[in-house]
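Enquirer: Pasting in a structure now, in structure tokens, and then I'll have a few things to ask.
All of the numbers you see were taken from the coordinates with simple rules; none came from a lab. Quantities reported herein were computed from a predicted structural model and do not represent experimental measurements. Here the Cβ is made from the backbone with ideal geometry for all residues, glycine too, and neighbour counts use every protein chain on show.
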Amino acid sequence: MAEDGLVNPVKRELRYVIESCIKYLYADQQAVGKPIEDRVAFLHNIDSSIDVRSNLRLGALHVNDAKQFVDELYDTYRECCAYVHVSPSQVKERLKQAEDDLALKYEKPQDLRKLAKLMFRVYDMALTIYFHGYDLSMIGDVFIGVLDEKPEWSFHKGKYVSITSAYYDYKHERNIRKYGESRPWNPEGWPPKKL
């Protein structure tokens, strides 16, 4: 870490989180019902990029929201990739640090705040992908029976986790909790557009 500073290794790891969760979900969705050996073989044949992201089935998101999610995955991945190898943005940051007479390898508080926001963004997207790796009805039980009971859970405020959670607004238990009554639900046009 002393060689690269604090921020760069974290961004490289975030890049890996994005890439791996996309590949794992894609492999699981494409190899449904196949033995684990076939899934592993399929996984190894996926390029080490995130090009398969547009083929993910994201049933808890409205089609337009899913497209925005896929686009944002790409943007975030690109942002993290700028730190895998020396890049123009890294060189500019280091030159700016030298101009500001700051010792290299020491981040300013605003750098750490930006990093924290990026980490939250990546984890929000990774959780959304992982939720889609399970049966949506099971994840509904997790939201309604566990996560709804934990209002302090930070990812309730996540952009995509909150949309995934809203997919379950039709559930009786949530309606009773939110509105004090069971509200009628129409499956047409579900899931609703949120973004």
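Enquirer: To make sure I understand the rule: partners must be lysines, Cα under 24 Å from the Cα of residue 92, and not fewer than 8 residues away in the same chain. Which ones qualify?
Expert: Those lysines meeting the cut-off are 11, 105, 108, 114, 117.
Enquirer: Could I ask something else about it? Which whole-Hz couplings ³J(HN,Hα) result when phi for each residue of the stretch 153-164 is put into the Karplus expression 6.51 cos²θ - 1.76 cosθ + 1.60, θ = phi - 60°, listed in order with x for Gly and Pro?
Expert: Using θ = phi - 60°, the values come out as 4, 4, 6, 4, 8, x, 4, 8, 5, 5, 5, 4 Hz.
Enquirer: Along the Cα→Cβ direction, 7 angstrom out, place labels at residue 178 and residue 135. What is the inter-label distance in nm?
Expert: Each label point is offset 7 Å from its Cα along the Cβ direction, giving 2.4 nm.
Enquirer: Another question about this same structure. What range in the chain is the longest one free of trypsin sites (Lys or Arg not before Pro) that are in a loop by DSSP and have at most 16 other Cβ atoms within 10 angstrom?
Expert: 106-192
Enquirer: Can I ask one more? Give the longest segment of the chain that steers clear of GluC sites (Glu not before Pro) in DSSP loops with at most 10 neighbouring Cβ atoms within 10 Å, not counting the sites themselves. Before the final figure, lay out each step's value.
Expert: Details: sites that count: 3, 152, 181, 188.
Longest run free of exposed loop sites: 4-151.
Enquirer: When the dipole is taken about the Cα centre of the chain, and only Lys, Arg (+1) and Asp, Glu (-1) are charged at their Cβ, what size is it in debye, to the nearest 20?
Expert: 380
Enquirer: Now, a different point. Once Lys and Arg get +1 and Asp and Glu get -1 on their Cβ, which of 170, 44, 139 lies farthest toward the positive end of the dipole of the chain?
Expert: Going by the Cα projections, it comes out as 170.
Enquirer: Could you work out how much longer the chain between residue 72 and residue 41 gets when fully extended? Use 0.36 nm per residue separation minus the Cα distance between them, nm to one decimal. Intermediate results must be reported in sequence, preceding the final value.
Expert: Values: separation 31, 0.36 × 31 = 11.16 nm, distance 2.83 nm.
So the chain would gain 8.3 nm between residue 72 and residue 41.
Enquirer: Hey, another quick one. Pairs 23/150; 67/193; 157/194: which exceed 18 Å Cα-Cα?
Expert: 23/150, as the Cα separations exceed 18 Å there.
Enquirer: Rounded if a/c is under 1.5, else prolate if a/b is larger than b/c, else oblate: which is the stretch 7-179, with a ≥ b ≥ c the root eigenvalues of its Cα gyration tensor?
Expert: Oblate shape, in that a/c is at least 1.5 and b/c is the bigger or equal ratio.
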